Amino acid sequence: ATPEIYRPPMSVLRRKRVIAEGFHRYCRRLLSQRFDGVALLADCEAAWAALRETPRAILYSSHASWWDVIVGGYLALACKLELYAPMDIDQLSKYWVLRAVGIFGVSEAKPIGYLRALREIFEVSDTRSLLITPQAHFATNHLPSPPFRRGLTLAAERYPDVPLFAVTMHYDLWNESRPVVLLGITELDRTPLAACATSEERERFLRLELDT
């Protein structure tokens, strides 16, 4: 029998396709104006090709700069992803327009909103993707790496059939007039992740790809 499709009573996603795609084109244009280019790190070609082929994915990334949002928009455009991303609901309340590009609000005090968003992303459609920064705060080489929030492990646990990619973003040569965005992409093997017995073990496994 065909499984029933989840249909939430009220959508927590407010993405508008025309606005989102316009924003993604703006991201590409802004990167071309401010940076010398986006360079893929060595040995990432296969993962990049896989990301461009998959209709849906869970992407998690480092969080080194506010430019990460712009690079995320570029990724959505380059890989033709219908991309959604969580943001603290208090912060999002200051920038409501971001809802139209696929950002949705989350609260640690009320995780039910995040769980509903996950269901809408992965159970209502098979062509939607999630981009999440599990460290939540800026993390650079000069500061201790912040702990992961639970959102990533929840998504990975609940949707084991969705391809999982780690994305690292580095902004090299800041002292140059036009620096370079260095992009690392790794498609994770789900087998060792499934073998982890606890959420803490899964977090350690997922963190390895961002800390290397």
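The values are calculated or read from the model by the stated rules, or taken from the named source; none is laboratory data. Every value quoted in this text rests on a predicted model; they were computed, and no experiment measured them. We place every Cβ from the backbone using ideal geometry, glycine too, and count neighbours over all the protein chains shown. Note: areas computed on protein heavy atoms with side chains; ligands, DNA, RNA excluded. Shrake-Rupley method; radii C 1.70, N 1.55, O 1.52, S 1.80 Å.
Could you give the dipole magnitude of the stretch 37-152 about its Cα centre, charging the beta-carbon of Lys and Arg +1 and that of Asp and Glu -1, in debye to the nearest 20? Don't skip to the end; give the middle numbers.
Working: 11 positive and 11 negative charges, 63 e Å.
Dipole about the Cα centre, nearest 20: 300 debye.
For the chain, what is the mean residue ellipticity at 222 nm derived from helices alone (per DSSP H run of n ≥ 4: -39500 (n - 2.57); sum divided by total residues; nearest 500 deg cm²/dmol)?
Values: 8 runs with 82 residues, N = 212.
Result for the chain, helices only: -11500 deg cm²/dmol.
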Please enumerate, by chain and number, the aspartates and glutamates with C-alpha under 18 Å from the C-alpha of K110, excluding those fewer than 8 residues away in the same chain. D88, D90, E120
Scoring only Lys, Arg, Asp and Glu (+1, +1, -1, -1) among other residues with Cβ under 11 Å from the Cβ of R99 yields +3
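Accessible area per residue of the chain at 1.4 Å probe, in Å²? Could you put the intermediate results ahead of the total?
Details: 11830 Å² over 212 residues.
Accessible area per residue: 56 Å².
Could you check how many percent of all C-alpha pairs in the stretch 1-109 are farther apart than 15 Å? Spell out each step's value before the answer.
Details: 4195 of 5886 pairs.
Of all Cα-Cα distances in the stretch 1-109, 71 percent exceed 15 Å.
Measure off, as a whole percent, the carbon and sulfur share of the 1.4 Å-probe accessible area of the chain, all protein chains present. Could you put the intermediate results ahead of the total?
Numbers: 6440 of 11830 Å².
In the chain, the share of accessible area belonging to carbon and sulfur is 54 percent.
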Cα-projected label distance for Y95 with K16, points at 7 Å along beta-carbon direction, nm: 1.8
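Could you tell me the relative contact order of the chain? Use alpha-carbon pairs under 8 Å, at least six residues apart, and round to a whole percent. Mind showing how you got there, number by number?
Working: 331 pairs, mean separation 62.3, N = 212.
It comes to 29 percent, rounded to a whole number.
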Students often forget the sequence filter, so: which lysines lie under 30 Å Cα-Cα from K80 once same-chain residues fewer than 8 apart are removed? K16, K94
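Placing +1 at every Lys and Arg Cβ and -1 at every Asp and Glu Cβ, with all other atoms neutral, what dipole size does the chain have around its Cα centre, in debye to the nearest 20? Each step should come with its number before you reach the end.
Values: 26 positive and 25 negative charges, 205 e Å.
It comes to approximately 980 debye.
With charges only on Cβ, +1 for K and R and -1 for D and E, what is the dipole size of the stretch 18-97 about its Cα centre, in debye, rounded to 20?
Values: 8 positive and 9 negative charges, 62 e Å.
Dipole of the stretch 18-97, to the nearest 20 debye: 300 debye.
Kindly provide the Kirkwood hydrodynamic radius of the chain in Å, to one decimal, from all pairs of distinct alpha carbon atoms. List each step's numbers first, then the result.
Numbers: mean 1/r = 0.0562 Å⁻¹.
Taking every pair of different Cα atoms in the chain, averaging 1/r and inverting gives 17.8 Å.
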